[in-house]
Amino acid sequence: MSRKRLLCITPDDPDVNERLDEAMCDWEVCSVSSLADAGRELRSNRYLVGLLVHDRDTHRPAELDTFLRRHSHMQWVGVFKTRDLESAPCRDLVVEHLCDYHTAPVDPVRLAHTLGHAHGWAMLRRRPEPVADSGAGSPLIGNCDAIVRLRGQVERVAKVAAPVLIWGESGSGKELTAQAIHAQSERAHGPFIPINCGAIAPSLIHSELFGYERGAFTGATKGKAGLIESAHGGTLFLDEIGDLPRDLQANLLRFLQEKTICRLGSTRQIAVDVRVVAASHVQLQDAVAQGAFREDLYYRLAVLPVTVPPLRERRDDLVTLSEHFFRIYAEEKSPRLKGFSNRAIAAIMDHDWPGNVRELINRVRRALVMSDGRLIMPEDLGLGRSASLMAPAALDDARMRTERSALRECLDRSGQNVSRAARDLGVSRTTMYRLLSKHGMRA
């Protein structure tokens, strides 16, 4: 059995280190003397447990907070002098970031037990490592059959310059797929210009896409290049192409055929070299049949069709994606929050995800803010049993009212003393200030 690995941040003090050596005799130890050295070590090697021997002469509270927040995936044990714990910032560090602490001089036997417990806890929390090839370097994360097929399609269509038409449900990742096509193409060093055809006012979309010359309309004091022209040498992504007005569809078709545009208020043709990638959440064949979309434009765009799978067809990737978004938005969470509970994972797996990846991102971000414990629970994601009985908006409103009422009651009872109110609620002072800010309250 391989030895357990421990990163130890300790000052160069023989008396302290002799006691630590007794406690760490069963560990493979890497000792460093500064946070900078610890950061460099953690960038190249993986540790589950860290030991921090606090030195107030070299460890500033703000620097420690930043370091421990960045490496919150580890279990940290601290060693402090009793006088240091009289400092409020130091106590906040212990409460927010450490799984346990000891006071100096340490008892080697007790510290050895604590480190062993921290390692056991880290092993219980650790989930199976993802399969080796999860699309490293691609924004399309996952290993399920559907996403592997999508990555294969992206790799093939990226090699040619023909137009691409992406279909997928809302929130499934159509723009991310377009970005992956651009990143793997010969135009990767050129611009990627996304345009949501349904988000631009009909009266402005022509000038936004094709640009205009000075005096083309009231207020046009100087000429402006359009978004198509801005994508020269790169990729133009037309999201929700089905929402493009029919008169603009004719202009877009002409551009696809001739590779030139004419600015509003001009007769001069401007050559533009772009690759067009379009996307739609509606089946354009149906729009063609209903007369809402030009058939000739459809066939110009659908040279290389790509389908993005909905999240319900990617259940094997749900845990991987959830933990990926947990890491991305980690700055929004409390430092004490370490990950997902087994109940939360089960709720994620049971949910149908009608809003696809966008819904998963929103629920994870909400849980990062709402969770009060060390692990995210189903209720934090809005996936608990009680949540299913209420509309999401009503549930959020009820929770906000209850939370605000509890905060106000504790503040009134404590005489507006934030520290005392935080103790009554069982949260840290940092969390208390975060909650007060969220509700626009002042002590």
List the pairs whose first member sits in segment 258-272 and is small (Gly, Ala, Ser), whose second member is part of a loop (DSSP other than H, G, I, E, B), and whose Cβ atoms are under 6 Å apart, counting only residues at least 6 apart or on separate chains? Gly265/Glu213; Gly265/Ala216; Ser266/Glu213
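Could you tell me which residue of segment 247-274 is modelled with the lowest pLDDT, considering only residues that are outside any helix (DSSP H, G or I), open to solvent by less than 10 Å² (accessible area, probe 1.4 Å) and touching a helix residue (DSSP H, G or I) at 6+ places or on another chain (Cβ under 6 Å)?
Looking at residues that are outside any helix (DSSP H, G or I), open to solvent by less than 10 Å² (accessible area, probe 1.4 Å) and touching a helix residue (DSSP H, G or I) at 6+ places or on another chain (Cβ under 6 Å), I get Ile261.
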Run down Glu313, Glu359, Glu323, Glu295 and say which single residue is charged (D, E, K, R) and free of Cβ contacts under 8 Å to residues at least 24 places away in the same chain. Glu295
Please give the number of the condition Gly173 fails out of (1) surrounded by 21 or more Cβ atoms within 10 Å (Cβ to Cβ); (2) touching a strand residue (DSSP E or B) at 6+ places or on another chain (Cβ under 6 Å); (3) small (Gly, Ala, Ser). (2)
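Quick one: is Ser280 among the hydroxyl-bearing types (Ser, Thr, Tyr) and in contact with a helix residue (DSSP H, G or I) (Cβ under 6 Å, 6 or more places away or on another chain)?
For Ser280, the condition - among the hydroxyl-bearing types (Ser, Thr, Tyr) and in contact with a helix residue (DSSP H, G or I) (Cβ under 6 Å, 6 or more places away or on another chain) - is met.
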Please enumerate the residues belonging to segment 275-299 that are buried (at least 20 other Cβ atoms within 10 Å of the Cβ) and part of a loop (DSSP other than H, G, I, E, B). Phe293
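Just to confirm my filter: which helices (runs of 4 or more DSSP H) fall fully inside segment 159-242 and include at least 1 residues that are over 23 Å from the mean Cα position of the chain (by Cα) and closer than 20 Å to Val303 by Cα?
Details: elements: 174-183, 202-210, 227-230.
Of the helices (runs of 4 or more DSSP H) lying wholly inside segment 159-242, those with at least 1 residues that are over 23 Å from the mean Cα position of the chain (by Cα) and closer than 20 Å to Val303 by Cα span 227-230.
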Of all residues in segment 319-354, how many are touching a Ser or Thr at 6+ places or on another chain (Cβ under 8 Å), under 18 Å from Gly142 (Cα atoms) and open to solvent by 20 Å² or more (accessible area, probe 1.4 Å)? 2
Pairs, first without any contact (Cβ under 8 Å) to a residue 40 or more places away in the chain and open to solvent by less than 40 Å² (accessible area, probe 1.4 Å) in segment 216-241, second assigned to a helix (DSSP H, G or I) and of a type in the set (A, V, I, L, M, F, W, C), C-beta under 7 Å, six or more apart: Gly226/Leu209; Gly226/Phe210
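The values are calculated or read from the model by the stated rules, or taken from the named source; none is laboratory data. Fair warning: this is a prediction, and the values are worked out from it, not measured in the lab. Cβ atoms come from the backbone with ideal geometry, glycine included; neighbour counts cover every protein chain shown. SASA here: full protein model, heavy atoms, side chains in, ligands and nucleic acids out. Shrake-Rupley method; radii C 1.70, N 1.55, O 1.52, S 1.80 Å.
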